[in-house]
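Step one of this worksheet: look at the structure below.
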Amino acid sequence: VTSESNDNEQFAHLGAAVHLSCNVSQPDVRIQWMKDGMPVPRTVSQKNDGSLFIRLAQKSDSGRYVCLIIDAYDGSYTTNYINLHIEGPRTPTNSEALVAIDQT
C-alpha cells in the first residue's frame, strides 16, 4: 500500500509506504526536510529527487514535515509543508492474524 500526495494534508495507514514530495520545478536546488522543527528521523529516507520515503509508517511518523528548497545559485530559499497523519491499520494487526492462524 502506498500513499502519495502533494496536498498539505496527507493521510496514510499504519504500516503503509509513504512518499512526501516537495513539488520542486526549478533546477539546481538543494532540498532539506525537517519534521516538527527537527531533522527527520532515521526511519525516513530522502531520495535523489528530494522526496521523502517512509517504508513502514508508524504513528510516530505523524507530524508536520517542512521542506526547505534552497537555490544553489544565490542561496535564497522557499518552504513548503505537509501535515502527515498516520491512522490505524487497514488490516488486522499481527497479533490478531497470529491468533487466527493458531486456531486453524
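Of all residues in the stretch 15-36, count the ones that are under 27 Å from TYR73 (Cβ atoms) and touching a residue at least 12 places away in the same chain (Cβ under 8 Å).
Let us first name the residues in the stretch 15-36 that are under 27 Å from TYR73 (Cβ atoms), namely 20-34.
Among the residues that remain, those that are also touching a residue at least 12 places away in the same chain (Cβ under 8 Å) are: 20-24, 26, 28-34.
Counting residues in the stretch 15-36 that are under 27 Å from TYR73 (Cβ atoms) and touching a residue at least 12 places away in the same chain (Cβ under 8 Å) gives 13.
Condition check ((1) at pLDDT 90 or above; (2) open to solvent by less than 100 Å² (accessible area, probe 1.4 Å)) across all residues:
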{"site": "ILE70", "(1), (2)": "yes, yes"}
{"site": "THR78", "(1), (2)": "yes, yes"}
{"site": "TYR81", "(1), (2)": "yes, yes"}
{"site": "LEU84", "(1), (2)": "yes, yes"}
{"site": "PRO89", "(1), (2)": "no, yes"}
{"site": "ASN94", "(1), (2)": "no, no"}
{"site": "ASP102", "(1), (2)": "no, no"}
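The values are calculated or read from the model by the stated rules, or taken from the named source; none is laboratory data. Everything quoted here is computed from the prediction, not taken from an experiment. Cβ sites come from the backbone with ideal geometry, for glycine too, and all protein chains shown count toward neighbours. For accessibility, only protein heavy atoms count, side chains too; no ligands or nucleic acids. Shrake-Rupley method; radii C 1.70, N 1.55, O 1.52, S 1.80 Å.
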